[in-house]
Amino acid sequence: MDHVLDPIVRTLHRVLDMSLETCAHEAACSHTPDHEFVVSLGVATPSHGTIVATFPRDTAYRLASLFAGHEIAAEDDPEIADAVAEIIDIAASRAGLRDPDHPCPLVTVRHSLADARIPDRCQRTIECFCNAGEFSLGFLPVPQTVGRITPASAPRPEPRNGKGITP
Amino acid sequence: MRTLLIDDSLTMRTIQRGILTQLGHPDVDEAETAEQALALLGEFDPDLILVDRALPDMDGAALVRAIHARTPSARVIVVAADAHRRAVVDAINAGATSYVAKPFTPDVLCQCITEVLERSGDD
């Protein structure tokens, strides 16, 4: 996975470096890509706020399949979102950025949840590429609600007897 | 051998379940929160527990302590995205037997589980 993670980790650092600059100087708004999968992750270092990663469906699907080690169904939004969130979580941890008070990424899919409009509020966004395809990373200088949720279109399995989860 | 997987990521639980099944340990139950996990402990009585360090409702080290208090004989492997030294020390101090950094290959998790079970047999 390193060949996939490393470009994301590098870009996370670039986004945060840029966000520090934009705090000090008025920044021009950049284009916000209309990507379908959105992951928000609270970060504490070097600037407190929210990393917003967005992925077009193709990239998200390829990343998820790489991470899971098997081909995920292209329309399986919950599994794709879950895997992509895990990748961003790992990349942010590897970059030493994660906010310990908000350890879990928020996963949204643009067509199902209003929170997916978060990228529109990013000060600036970097569009970039990894082996799985294009994606973008932005930074919001304010904390957002974070915590793993699943798209409304396909809910997670219900806990069995209110306790364990059936696979 | 019974194994409890505690991770808020369905993908991670699926990967871990697959590896355990390959190792010949298919008796697995899952929890996606610390609350679910603690509720399951008495009923499922696991021999091995894989714990995600960053759960939505409880810090991983605190959960390991709670598990250790309830089922001291269970072996606990902490699985986490951050492999920083402090995180490892926190997990071990809390009672974890071993620690695996994400992302891991199946071989790495297999080796870790095998080592933990061998150590368990020596006790």
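Of the residues making up segment B:84-123, those that are surrounded by 15 or more Cβ atoms within 10 Å (Cβ to Cβ) and modelled with pLDDT under 90 are B:A87, B:V88, B:D90, B:A91, B:I92, B:A101, B:K102, B:P103, B:F104, B:L117, B:S120.
From the list A:D89, A:D99, the one residue that fits, being more than 9 Å from chain B (Cβ to nearest Cβ) and at pLDDT below 85, is A:D99. If you go through segment A:43-76 and pick out every residue that is crowded, with 17+ Cβ neighbours inside 10 Å and in a helix (DSSP H, G or I), you end up with 11. Of all the listed residues (B:D59, B:D52), the sole one being among the acidic types (D, E) and out of contact with any Ser or Thr (no Cβ under 9 Å at 6 or more places or on another chain) is B:D59.
With the condition being of a type in the set (D, E, K, R), free of Cβ contacts under 8 Å to residues at least 40 places away in the same chain and at the interface with chain A (Cβ under 10 Å from one of its Cβ atoms), I'd like the strands (runs of 3 or more DSSP E) fully within segment B:12-92 carrying at least 3 qualifying residues. Before you say what the answer is, go through the steps one by one.
Numbers: elements: B:28-31, B:48-52, B:75-80.
Because the criterion is at least 3 residues that are of a type in the set (D, E, K, R), free of Cβ contacts under 8 Å to residues at least 40 places away in the same chain and at the interface with chain A (Cβ under 10 Å from one of its Cβ atoms), no strands (runs of 3 or more DSSP E) in segment B:12-92 meet it.
Answer with yes or no whether B:A96 is among the small types (G, A, S), within 11 Å of chain A (Cβ to nearest Cβ) and within 17 Å of B:L4 (Cβ to Cβ). Taking the combined requirement at face value, the residue does not satisfy it. Taking the criterion of being within 21 Å of B:T14 (Cβ to Cβ), among the hydrophobic types (A, V, I, L, M, F, W, C) and under 12 Å from the mean Cα position of the chain (by Cα), the residues of segment B:56-91 that qualify are B:L63, B:V76, B:I77, B:V78, B:V79, B:A80.
The values are calculated or read from the model by the stated rules, or taken from the named source; none is laboratory data. Quantities reported herein were computed from a predicted structural model and do not represent experimental measurements. Counting neighbours? That spans all protein chains shown, and the Cβs are built from the backbone with ideal geometry, glycine included.
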